[in-house]
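Report on one structure; see the data block that follows.
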Amino acid sequence: MSELRSAPSSLRVVSVAHSAVGQKGGRQRYTPLLRQSDLDLHLVVPKNWREFGRSLIGEPAIDPDMQLHVLPILFPSAGPLNWYLHFYPRLPRLLRKVRPHVLHLWEEPWSIVALQAALTKQDAALVLEVDQNILKTLPPPFETIRRFVLKKCAHILARSPDAEAVVRAGGYEGPVTMIGYGVDQDCFRPDGAVEPRGAGLRIGYVGRLVEEKGLDDVLDAIARAEASVSLDLIGAGPHEGKLRARVERLGLGERVSFRDWAPPHEVAQFMRGLDALILFTRTTPRVREQFGRVIIEAQSCGVPVIGSTGGAIPDVIGEGGWVAPERDSAALARLLDDIAVGKYDLRATSRAALENVAARFTYEEVARTLRRAWLEAHDAPSIRA
């Protein structure tokens, strides 16, 4: 645990975020906030974490100004529910010591850690950051937990309008601020040597190979398109075998390639060699695209994105790409043909992609959004008990 320090008249904030367990990714958005004299920020991350089959360890802070608290959690490996069942036995002690003005959780309101925070926050204003964008009636006791926690919240940070609708349906009536993810612009940047594109339109995909990502529709569209379109995929998943079989059945073996997961710098290099990235997610009763982080990674490389109408995809893409109706391979084929024959100005769309990231998805912009929400939560009348 780091040493506690506080400047006079500073806003004390404790931010709890399992997504900041590593030195990269979710933790980087806090860096712009570390040397602000009127902000006393404490970041809490789990000592151990598991997600998507990976075991992660709470990494130490690189920046000496980061007040990082790596705390053990209970139920770090509770199957698919571990995001919602874990909690921090030592969090109440830390809250008593820091006495934060604002307690910020990057967690859903029905999680046990959100309940723990609502019960132990004392006088702190509770700010919740949410991603869930499908409204579901939760089984006991989680529906009761959700409604209780939302009544204790002073401010909500929502990843999308759909995520806002979910908390509104849960009874929340207070202020909501939209917040995106940030992108590592040191890694995902438009400069550097790129792989040769060759003839035709080269599109790429990065992510899990699962049915709901709509890759079957993408393959069908490539087969239907009049233009020569190639697809390179990075990732793995349970749907890979069926995708490979579909490639062979459609006669696309020379135009579609698969490669396993790669580190971020290799993904960035791969993206810079594309004409466009594609994310053609299908909406299902259980899945609606919450954000699509690969969208802003590609755009940060100056690469436009082709997306479906699923979930938050159109909003995240903005003017830096194109959208076709989800599950509609014919419409996607027409769009691919239009891009290939030059109906759209690729250079202008590339510039729009970079501008979209600069305006909305840098770590600095995300940090500014966090700070504004914390200040508003502290200054506004709210439930403190």
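The values are calculated or read from the model by the stated rules, or taken from the named source; none is laboratory data. The shown structure was predicted, so the numbers you read here are calculated from the model rather than taken from an experiment. A quick note on method: Cβ atoms are made from the backbone with ideal geometry, for glycine too, and the neighbour counts reach across all protein chains shown.
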note = When (1) within 27 Å of residue 183 (Cα to Cα); (2) of a type outside the set (A, V, I, L, M, F, W, C); (3) buried (at least 21 other Cβ atoms within 10 Å of the Cβ) are applied to residue 217, the one that fails is (1)
request  = Restricting attention to segment 19-43, report how many residues are touching a Lys or Arg at 6+ places or on another chain (Cβ under 6 Å) and among the hydrophobic types (A, V, I, L, M, F, W, C).
outcome  = 1
Qualifying residues in segment 28-46 (those that are without any contact (Cβ under 8 Å) to a residue 60 or more places away in the chain and within 30 Å of residue 210 (Cα to Cα)) - the one surrounded by the most Cβ atoms within 10 Å (Cβ to Cβ) = 45
inquiry  = Given the criteria modelled with pLDDT of 95 or more and either in contact with a Pro (Cβ under 8 Å, 6 or more places away or on another chain) or not acidic (Asp, Glu) (or both), does residue 81 qualify?
reply    = no
request  = Consider residue 100 carefully, then state whether it is assigned by TED's automatic domain parsing to the domain that holds residue 22, of a type outside the set (Gly, Ala, Ser), closer than 17 Å to residue 23 by Cβ and more than 22 Å from the chain's Cα centre (by Cα).
outcome  = no
request  = Would you check if residue 297 is assigned to a helix (DSSP H, G or I), closer than 26 Å to residue 29 by Cβ and among the acidic types (Asp, Glu)?
outcome  = yes
message = For segment 193-212, check the following and say yes or no: at least one residue is in the same structural domain as residue 293 (by TED's automatic domain parsing), at pLDDT 95 or above, out of contact with any Asp or Glu (no Cβ under 7 Å at 6 or more places or on another chain) and of a type in the set (Lys, Arg).
response = yes
remark   = Reported set for segment 300-324 where residues are in contact with a Leu (Cβ under 8 Å, 6 or more places away or on another chain) and in a loop (DSSP other than H, G, I, E, B) is 302, 303, 304, 320
ask   = How many residues are in a loop (DSSP other than H, G, I, E, B) and under 21 Å from residue 240 (Cα atoms) if we restrict to segment 252-294?
value = 18
Checking residue 148 against (1) more than 23 Å from residue 30 (Cβ to Cβ); (2) in contact (Cβ under 8 Å) with a residue 60 or more places away in the chain; (3) of a type in the set (Phe, Trp, Tyr), the condition it does not meet = (2)
inquiry  = Whether any residue in segment 364-385 is part of a helix (DSSP H, G or I), in the same structural domain as residue 123 (by TED's automatic domain parsing) and in contact with a Gly (Cβ under 7 Å, 6 or more places away or on another chain) is what I want to check.
reply    = yes
note = Given (1) under 21 Å from residue 361 (Cα atoms); (2) in contact with a helix residue (DSSP H, G or I) (Cβ under 6 Å, 6 or more places away or on another chain), residue 256 misses just (1)
key: Residues of segment 114-155 that turn out to be in a loop (DSSP other than H, G, I, E, B) and in contact with an Asp or Glu (Cβ under 7 Å, 6 or more places away or on another chain), as a count   = 3
request  = Kindly list the number of the only condition in (1) out of contact with any Gly (no Cβ under 9 Å at 6 or more places or on another chain); (2) in contact (Cβ under 8 Å) with a residue 40 or more places away in the chain; (3) of a type in the set (Ser, Thr, Tyr) that fails for residue 160.
outcome  = (1)
